[in-house]
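This report concerns only the one structure given below.
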Amino acid sequence: MQRATVTIAAILLVLASCALAQESRSEIALQGTGLFTADSSGKDAFASPVTRHVDTTGGFLFSYRYRLWSWLAVEGNYGLARNAMQLSTTSGVFSGNAFMHQVTTGFVVKLPASARFKFSPYLLAGGGALLFSPTSDGFTTTGGVSSNPAATRETEAAFMYGGGANFPIKKHWSLRAEYRGLLYHSPDFNVFILGTGTTIHTAQPSLGIVYRF
């Protein structure tokens, strides 16, 4: 009986230790982001020149991060922003708005830091998809074409990289400062005259709050 009691106590102790370890493995974060997209120039499907400009905008990013080991974690992200863009073509200058939905996943590597510094730096890399969905405003032109092109939603694969740091503020809470870069093919919204045929870059700095559990 005593041996059984000791065995059960040992099992409960192991399970409790695992449960406590599990509590600190997960993080959720909500960040406000800025999006800075580089201008791009190229040629459409008819070899005509196209220049694409996207206004600076803001959005949000929701993340879930799970720690596999002390130095490595995996994460999944969803982000949303609204882009206003202008495309200069031989048929005119087209302007329009589109929502950009960001769905990505990747690995996070924790960097070494001295205990006296109250932050935890990290690097991240991964990929996913960007869904561009034109708003009801569609695309309009300032000259050369009398009707609007029938722009439709489009999904582009994306490569993601970046880094950041968590700054503890309470037992389970931290502030997060982060930078992400997104590389993806320039969307044309299935309108041949709006494509540049190039890879473009969006810089996404962010600041937010993290809850660890």
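The values are calculated or read from the model by the stated rules, or taken from the named source; none is laboratory data. Treat the numbers as computed from the prediction; the structure is a model and nothing was measured. Every residue, glycine as well, gets a Cβ built from its backbone with ideal geometry; the counts of neighbours run over all protein chains shown.
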Residue within segment 84-99 that is assigned to a strand (DSSP E or B) and under 15 Å from Ala125 (Cβ atoms) present:
no
Which residues, taken from segment 106-118, are surrounded by fewer than 15 Cβ atoms within 10 Å (Cβ to Cβ) and either more than 21 Å from Ile169 (Cα to Cα) or of a type outside the set (S, T, N, Q) (or both)?
Phe107, Val109, Leu111, Pro112, Ala113, Ala115, Arg116, Phe117, Lys118
Within segment 187-196, is there a residue that is in a strand (DSSP E or B) and in contact with a strand residue (DSSP E or B) (Cβ under 7 Å, 6 or more places away or on another chain)?
no
Among the strands (runs of 3 or more DSSP E) contained in segment 1-66, which hold 3 or more residues that are modelled with pLDDT under 95?
40-43, 49-54
Subset of segment 116-156, residues among the aliphatic types (A, V, I, L, M), modelled with pLDDT of 75 or more and in a loop (DSSP other than H, G, I, E, B), comes to Ala151
Residue count for segment 89-105, restricted to those that are closer than 24 Å to Thr51 by Cβ, surrounded by fewer than 20 Cβ atoms within 10 Å (Cβ to Cβ) and modelled with pLDDT of 90 or more
2
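Just the residues that are part of a strand (DSSP E or B) and hydroxyl-bearing (Ser, Thr, Tyr), please, taken from segment 162-186.
To start, the set of residues in segment 162-186 that are part of a strand (DSSP E or B) comprises 162-168, 173-185.
Within segment 162-186, Ser174, Tyr179, Tyr184 meet the criteria.
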Quick check: anything in segment 58-67 in contact with a helix residue (DSSP H, G or I) (Cβ under 9 Å, 6 or more places away or on another chain) and either more than 17 Å from Ser120 (Cβ to Cβ) or of a type in the set (Lys, Arg) (or both)?
no
